[in-house]
Each structure stands twice: as structure tokens, then as C-alpha cells.
1. Relative contact order for the chain: what is it in percent, counting Cα pairs under 8 Å that are at least 6 residues apart?
2. If R0 is 45 Å, what FRET efficiency do you get for residue 497 and residue 118 from their C-beta distance, rounded to 0.05?
3. Between the alpha-carbon centers of the range 424-451 and the range 227-288, tell me the distance in whole angstrom.
4. Which loop-located trypsin sites (Lys or Arg not before Pro) does the range 416-521 contain, where loop means any DSSP state but H, G, I, E or B and the Cβ has at most 15 other Cβ atoms within 10 Å?
5. Would the range 3-99 count as rounded, prolate or oblate if I go by the C-alpha gyration tensor, calling it rounded below 1.5 in a/c and otherwise prolate when a/b exceeds b/c, oblate otherwise?
6. Please compute the length gained on full extension between residue 133 and residue 156, using 0.36 nm multiplied by the number of residues separating them and subtracting their Cα-Cα distance.
7. Within the range 213-298, report the trypsin sites (Lys or Arg not before Pro) that DSSP leaves as loop and that have at most 15 other Cβ atoms within 10 Å.
8. Say R0 is 56 Å: what FRET efficiency, to the nearest 0.05, do residue 11 and residue 335 get from their beta-carbon distance?
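Each value in this text was obtained by applying a stated rule to the coordinates, not by laboratory testing. Bear in mind that the values here come from a model prediction, so they are computed numbers and not experimental data. Virtual Cβ from ideal backbone geometry, glycine too; neighbours counted across all protein chains shown.
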Amino acid sequence: MPQRLNSTSAIEAARSTISELIATHPEWFCTAGVETTYAVGRDELELSIANSRLVLNSWTENGSRVWKIYSWEWSGEKLLLHVSRRMGAERPVIELVPRASAATLALTVRTARQARCDRLAELACTIGPRLKVERSSLSPGPRRGQPGPYARIVLWQKNRRIAVTGNVVPLKASDADAFLASALLWFKRTSERSRAPYIDSLWLVLEGSIVKPLIQRIALLRKSLRDVIKVYDVDRELIEVSQIEIPAREDLWKKRLSRFPPVIPHEPGELTNRIVSMAPDAIDVVHARHGKTLRYHGLPFARIRQVLGCERSWFGLEGRRRRLLEESSENEWQQLIQMLQEHRSANAVDRYHALYRNAGEAWLESLLRRDITQLDPGLIIAPLYAQFRISRAGVPGVRPIDLLALRRDGRLTVIELKIFESREHVLQGVDYWQRVESHRRRGNIARTRLFGDRKIKNEPPLIYLVAPTLRVHPSLTTIAHAIAADLEIYRFDINEDWRSGVRVMRRIRINGGLDEQSDSL
């Protein structure tokens, strides 16, 4: 209950008590009225008595502020100060919350996640008879000492052990690749290290929208692995659990598909040609239904739209206000082009500049779009589709394909690019493969003449995984071996200085068992 400061003794006592409270924490989160919350140090909060009033002086994001305190309250978790300023014209409530240390926050998060992990383990024991929890822990976090988002549980049953994993934080459909990659690697390590009775099954106990995309990926695993995996759906409160049937691969081709996007002819306009001519080796055009996006080595910097039959352009980098390209903005336009030429170049002096480092995969994609034969001489140069969507934009968990190409022998090729280590590299490529194959089987790709008059071969697409040699994730081959062998997955190692030109250092099939082939170039 608020304590009013209506006497000298109350003011003195409040000053002493509040000062001691503020001194116990080095930093506080401060919210004054409807203003934004900001961090303030204890040395930036000063209490004094002036004209028989308790006064708070503090630095804010808008400069120094002085308030008169007429009542206060400490709840044990936050300090509430009822204040006024400007002769009573403003009477906000200042809320001060102690900022916990990183160690305290990590411990709080770990405790909450471990409690959910233990509850998940108890629920998993109800699935079968005489199941007992042997171990219940969390996956490693992104940094040393931090708790991970997945449960790592081992159940014991007579003459067998079962590995169980699930989410202890909410997951989205787009997290399916990361979760499955983590689960497969953990299952492999745990199985290899276990002693009799050995771990012979993997149970995935999950809740939310991640379940549906997950079972579609499991359907594409090799049979020996698919047979030991079971998927269970649980509610958010971890009360009820039900088994989800993993579909056969044939069932994937029967599910309803989103409308396949038509091929829209695009005519280059005068304004587009004029801008591209400023740096033809760097600027490319990405066509969309409602206009064009101009990119400088993959970085979007301008949009072109048809307005009353005329091309108009708006320019500006992402996160900044876009300006209409006209005479009054010509100087800003030239400055932007100059910055891009200076910093987004393979010969840039400052390799730490944001324009050099940002959108690296898009930069690599733009280089391959100009000549995809740098990657594989068997691919046709055009048409080649970048960031190709086979479903409408906005569908949860559905991302555009980096590159969709066609080989000269008529074989479709799904190309997934990475410039940093990514554990999900393989599974992302497999997800795209499944979507492309679904449309190929139904004749949608041939019917829309996506590749013109060229004949599409009646064989599944190839999967090309491309990354710089030193940026290939160590688990890439391990996860690839979990995929069915009839999905042809190839790893392409390219040079580290790919910005100066792409060169393939090695290509190898990574999921074909005895049929693996390697070329060192």
C-alpha cells in the first residue's frame, strides 16, 4: 500500500529507506508514466529534501528530470514512486525494477526450463508400461553455461533404453529443421555411448505448429532410422499426449498444394536499364508481381513500381527511410551509389563495414545468378530462379528457395547456399526438394513452362549444398547420412574469397553410401 509523505518524519524515513533500496542494486529499469523503459544506474538516481518535499533527480533519455515524491511503495520486486512535476501538471508513476545480473537471469531461465523438462519426462513415462526416468537434462545453450531449448531425456524399460527429446520453449514451424538436426545428432551420440541395455528408439514429444512440418521431414529419412522414431503431440500444459503417425513418402505427394506461381513476363523499362547501366556487373533485378527490386551485389537498395504507366523509383537501404528518386533527391542518390561502390566490393578496404558484411548469402547468390556454370557446367544459365517461392508469401514455415535451376539433361536442381556454418543446411535443402518434387510429379512445373520449351526429366530433383570450404558445418555429412539414399545430395565446397569470383574446390555426394563419389577440383 502506498505510503504518503505528509509529515517531516515520514519524508526523512522515506528518504533513508528508498536510498538504501536504490543502493542495493547497481542498475535499475526505469519507466516514468507512458515513456519507454530505460536502464539507469544507482548513481544517476539522487534523493534530496527541498522545501519540505522529497525530490528525485534522475537522468533520462530526454535529459535530466526532477520530480516531487508524494507517496511511494516497495512490493519486494519493484519500487513505485507517485510523483509530480511542472506544478502538478504531470503526475506520473515512476516504476523502478532492479536489473538482475546475467547469472541470475540464466539461473531463473534454467530452473524454469528444467522444471518443464522434468514434467515432460514424467509424461513420457505414461506412454508405455514400466517406464522409468534414467536421466532428464537440457540441451546445451547457444553459449557456454546457458540452458538450451530442448529436453534431453533417457527412459529405462526392461532390456531397453529410449531417448526422448522435446521442446521446453515455444517453437514455430520454421524451427523444424533446427530441432530435427539437433535431435538426430544427440540420438547418434547417445546411442554410440550407451551400454547394455542399448538405446534403440527416439521419441519426439512436441507441442505446437512444429509437429506437421517435422513429420514431413522424418518421412524422407532412411528407413532404418525412420522405423525407430516416434512422434507424440502434447498440449501446452503437458497433461495429454497422443501419438502422431509418420506419413509414408507416397502420402506426401497426395497432400493439397498451394497454387503454383505462374511465370510472369517482365519487360525491362528505361529507368531500370538506366540504373543497371551505372554498375552492370554489380546491380541485378529481382522481379515481383507488383514491381522490381534492384540489388547491389544482392543488397536491395531501390524499388521500381509502375505509377500511371510510368516507372518511378524509391531508394534507400533497409531500416532507413526511402526517398523518391527525383531531382531534389539526386545528391542523396549519388551518395548511396558511391557508398555501395566503395564498401560493397570484393576490394573494399574496410571488411568490417556493414555494407560489406550484410546479406552475404544474397551476395553469393547474385554472383551465381550471373553465371551458374561456375558451380556446375551442366546447369543452364537461364532461366534461373532466385528466392523462388513455390507457395504464397506468408505461409508459416515456408521459405523461398535460394536457387532453382535446370541441368542440360533436364534434371531439376535445388541449390541451398550458406556462407556460415549451419546445422540445418541439409534439412533445408531436403524440405525444398520435397516441395519441388511435389509440383514436378503433378506436372505444375512443366505446365507453367517455368523453363520454357526445355523438357523436364521424369526424375527427382538434385540437391546442391553450397558453402565456403571452412564454413561447412562439421555435422553436415552426419545429417546427410540420415536422409534416404535415393535423394541425391551433393556438397559443393567453394573458395573462401568467393566475393572475388566463385571457384568450386570440391564436390562430393554425401548421402549415397557406397555410391559416394568425390571430385577435387
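1. 8 percent
2. Given R0 = 45 Å and the Cβ-Cβ separation, E is 0.35.
3. 9 Å
4. The qualifying sites are 442, 449, 454, 455, 457, 503.
5. Taking the square roots of the gyration eigenvalues as a ≥ b ≥ c, the range 3-99 is oblate.
6. 7.7 nm
7. 236, 254, 255, 256, 259, 289
8. 0.45
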